[in-house]
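What follows is a set of notes on a single structure, which appears directly below.
The values are calculated or read from the model by the stated rules, or taken from the named source; none is laboratory data. Everything numeric in this text was worked out from a predicted model, so none of it was measured. Virtual Cβ from ideal backbone geometry, glycine too; neighbours counted across all protein chains shown. For accessibility, only protein heavy atoms count, side chains too; no ligands or nucleic acids. Shrake-Rupley method; radii C 1.70, N 1.55, O 1.52, S 1.80 Å.
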Amino acid sequence: MKTIAVLTGGGDCPGLNAVIRAVYKTAHSAGIAVYGVKNGFKGLVEDDLSLLDSENVSGILPRGGTILGTTNRDNPFRYQCIEHGKIVYKDMSQQILFNLKQRDIEALIVIGGDGTLKIASEIADLGFPIVGVPKTIDNDLPKTERTFGFDTAVSIATEALDRLHTTAESHHRVMILEVMGRYAGWIALHSGIAGGADCILIPEISFKWDSIIDKIKLRQQKGTLFSVIVVAEGAKTINGELSVAKIVNNSPEKIRLGGIGNKIAHELENLLAVECRSTVLGHLQRGGSPTAFDRVLATRYGEAAVNAIINKKFKTMVALQNNEIVLVNLIDVVGAPYLVSVTHDLIKTGRSLGISFGD
Ligand code: F6P
């Protein structure tokens, strides 16, 4: 193995640069050259790649985002092109294979979440050697206990809850924090426990208005006039109502979630004689420097991905299981997301502590 390439796809997340650095350093020690692909699969289709060197990767370990750029729109199997002034979608997978061959690239490391890894798995099916690295703040990939970026997002959400607590207490208000996570409640669950939330609302447990109200009233009866609620963007009511910010037709993710925090604030103000405020944490959870945990995990993943390539363990993804880095089949990762089980240990812990999950 002489030459490989690395790309970052999907939404960015803290720790991407740490993986890129570890990939470069491990490969460099083994005498392997590494191309960095610009802007995810778009860079592969358009042959927008350049060789990484020690200067590119110097100082990037603590830096948020990705030095390679990313996109969550460009699927090479359904690639948007303009022909005769019209938008058409083309299968550019053969173009990708051609571009890789032209540069003598023998294997590809794909750092991404479910959408990106699904495309990676389809490219691997065409016979190109691929190893995946699990990335997402949502922690919703199966076969791994952790995706890098999650720990940072939880830390940011926890700090937000700490800050909301002091202002909630001063003003005797109900403060609601809306966090990301798509259809998984991992960020809400972990930050809710770490930040001492009174209610944690996650997509996996539909909530009833009465349950939230009962919890707030109970606290009021005990003389605690404030409450803090953390709600995942994908949380839904018992009637199955999701809060949709926008329908986006030209994106793989058709539904842009958002707005549940405001809805809860509005509803609770109507139903209870208490002032409510909602905060949407949004992309603050994705930006900035990774935590030490994410830097370590990202570094382990980057190193393991290169070693998987050296050992010819293709069509795999590096994963964390029992705190060990292992390889799992790429095909087993795509499809069904890893969601919070209602019997999860942290749910039990939360219930024992009197936290309401809205059910
Ligand atoms: O998957 C990561 C994530 O941040 C989700 O938690 C969120 O729903 C989504 O991406 C937001 O995507 P975008 O950056 O396209 O708004």
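What to note about this one:
- With the gyration tensor restricted to C-alpha atoms of the chain, the semi-axes of the equivalent ellipsoid amount to 41, 21, 17 Å, longest first.
- Legend: P(r) of the stretch 128-216 from all alpha carbon pair distances, 10 Å bins from 0, whole percents, reading 16, 41, 28, 11, 3, 1.
- FRET efficiency, D210 to H28 (Cβ-Cβ, R0 45 Å, nearest 0.05): 0.15
- Charges were assigned to the Cβ only: +1 to each Lys and Arg, -1 to each Asp and Glu. The resulting dipole of the chain about its Cα centre is roughly 120 debye.
- The simple spin-label model puts a point 7 Å past each Cα toward its Cβ; for S170 and R103 those points are separated by 5.2 nm.
- Carbon plus sulfur fraction of accessible area for the chain, probe 1.4 Å, in percent: 49 percent
- Taking all protein chains into account, the per residue accessible area for the stretch 41-95 stands at 60 Å² (1.4 Å probe).
- Of V45, V131, V88, the residue with the greatest mean-square motion in the GNM of the chain, using alpha carbon springs below 10 Å, is V88.
- By the helix-only formula, in which each DSSP H run with n ≥ 4 contributes -39500 (n - 2.57) and the sum is divided by residues, the chain has a 222 nm mean residue ellipticity of -11000 deg cm²/dmol.
- For the chain, with +1 on Lys and Arg beta carbons and -1 on Asp and Glu, the positive-most of L44, L339, N250 along the dipole: L44
- Cα-projected label distance for E145 with F293, points at 7 Å along beta-carbon direction, nm: 1.1 nm
- Rounded to 5, percent antiparallel among DSSP beta bridges of the chain: 35 percent
- Solvent-accessible area per residue, Å², over the stretch 154-286 with all protein chains present [probe radius 1.4 Å]: 45 Å²
- Taking the Cα centre of the stretch 160-259 as origin and assigning +1 to Lys and Arg Cβ atoms and -1 to Asp and Glu Cβ atoms, the resulting dipole is close to 120 debye.
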